[in-house]
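Here's the structure we're looking at; comments come further down.
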Amino acid sequence: MEATNIPLQPPTYGNFITVLSIDGGGIRGLIPGTILSFLESELQKLDGEDARIADYFDVIAGTSTGGLVTAMLTAPNEKNRPLFAAKDIKDFYLNHCPRIFPQNSCPLFPHVTKIVKALSGPKYDGKYLHNIIREKLGSLKLHQTLTNVVIPTFDIKRLQPTIFSSYEVKKNSSIDALLSDVCIATSAAPTYLPTYYFETKDAEGKVLREFNLTDGGVAANNPALVAMGEVSKEIIRGNSDFFPIKPMDYGRFLVISLGTGSHKAEEKYKATDAAKWGILDWLTKGGSTPIINVFSEASADMVDVHLSVVFKALHCERSYLRIQDDTLSGVISSVDVATTKNLDDLVKAGEALLKKPVSRVNPETGIFEAANHETNEEALKRFAKLLSQERQLRHAKSPVGHAAHASQTYIINDFNKCCN
């Protein structure tokens, strides 16, 4: 039996709790998609070509476009293996983003068209996005993912976050929604795509809960801390999968957090300019949506600052890897300019990011600064080895691993007898 066909065993049999987090950012999901393709290729070098991202992480969290990537990596196919390999993410975005975000067909008055759309409703109707997500994910539900997932959304009726969590669904069937509904909801970016309503029902068709949702980036554009919080709740509840790990034992976490890029410093906003802005400026200034950029980047960077401090305080900085690019300039920094050139440029940005040094955001300047002499590519190779070793350790120590090893030994011995 191949190791990749055995589910990842609980953290109680290993040294770490493994977490992957993917930010929101529309078409810029191509950047973490490129990073994940590299990571998966390194895992395949260690453990065989069937290795997949979902085989190594206890929980994968994603917001907005990151939520869609999370579903792609963890949704099972008919063989109970991931529906998408990491390398498939790029082609999905390249093929479908131009139809999810169709570009302005009125080149004579683009600014006027943008203002009219901003005043009259969401920029895109979301129909193609909804259809392609439903087509790919079908009737799959939250509880069916191949590893635990955490996908934030925001309920505008309750005015509070709604977190779709594999851990919580085991206790609360009312959030066991269709994966397609969860992905559509977490991607419903204000002003860009329409808010999304759906219900969950029991076997008799009775409504368990109604949801009135918008983009998860409103609550947590960087969902790394939300994922760690969901794990901590399970530890507090006494989940045997985490024995004997303590609730605040952050030193046991191995975290990869992937950003989707942001504007370079000189293209961000100045208070002297923004002081004069009205509602339309906050919605359309500079060809983007400043109000969305402000709260999404603030959310993402605050989580990074917090985790950087925590891991440093625990003397385990190398167990936390944040990969983010704050040098995007012009059109490439947009979340929806889905031209062929811009999408290709985003792939190149992801590839270039691999060669850059591991960096941390400086809260004084807002600029990412090199943290050490390790490149992101080198750090991912190191993490791949740690993930592979962690998986092997758990299999060796767990009852399931012992059974699989015994079964494999029996098959080999039986084969040898036949051959002799």
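The values are calculated or read from the model by the stated rules, or taken from the named source; none is laboratory data. Computed from a predicted model, the values in this text were never measured in an experiment. These accessible areas exclude ligands, DNA and RNA; they are computed on the full protein's heavy atoms, side chains included. Shrake-Rupley method; radii C 1.70, N 1.55, O 1.52, S 1.80 Å.
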> Scanning the chain for helices, which whole DSSP H stretches are 20 Å or more long along the axis (Cα) and average -0.5 or more by Kyte-Doolittle?
Replying inline: 30-47, 290-313, 340-355, 399-419
>> On a 1.4 Å probe surface of the protein chains, which of HIS306, HIS373 comes out largest in accessible area, and what is the full order?
In response: HIS373, HIS306
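So for the chain: antiparallel DSSP bridges make up what percent, rounded to the nearest 5?
Beta bridges within the chain, antiparallel portion: roughly 55 percent.
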> What ranking of THR365, THR186, THR340, THR375 comes out by heavy-atom accessible area, probe 1.4 Å, highest first?
Replying inline: THR340, THR365, THR375, THR186
> Of PHE295, PHE38, which has the most accessible area and how do the rest follow, probe 1.4 Å?
Replying inline: PHE295, PHE38
> What percentage of the solvent-accessible surface of the chain, computed with a 1.4 Å probe over protein heavy atoms, is contributed by carbon and sulfur atoms?
Replying inline: 57
> With every protein chain in place, what's the accessible area of LYS123 (1.4 Å probe, Å², nearest 10)?
Replying inline: 60
> Once the Cα gyration tensor of the chain is diagonalised, what are the square roots of 5 times its eigenvalues, in whole Å and ordered largest first, as equivalent ellipsoid semi-axes?
Replying inline: 37, 25, 21
> GNM on the chain, C-alpha springs below 10 Å: top fluctuator among ALA300, ALA224, ALA271?
Replying inline: ALA271
> Residues of the chain: accessible area per residue at 1.4 Å, in Å²?
Replying inline: 46
>> Taking 21 Å as the cut-off for C-alpha to C-alpha distance, list the pairs among LYS127/LYS341; LYS90/LYS348; LYS90/LYS355; LYS141/LYS171 that go past it.
In response: LYS127/LYS341
>> Tell me the accessible surface of HIS130 in square angstrom (1.4 angstrom probe, heavy atoms of protein chains only), to the nearest ten.
In response: 30
>> What whole-number volume per residue, in cubic angstrom, does the convex hull of the C-alpha atoms of region 122-167 give?
In response: 110
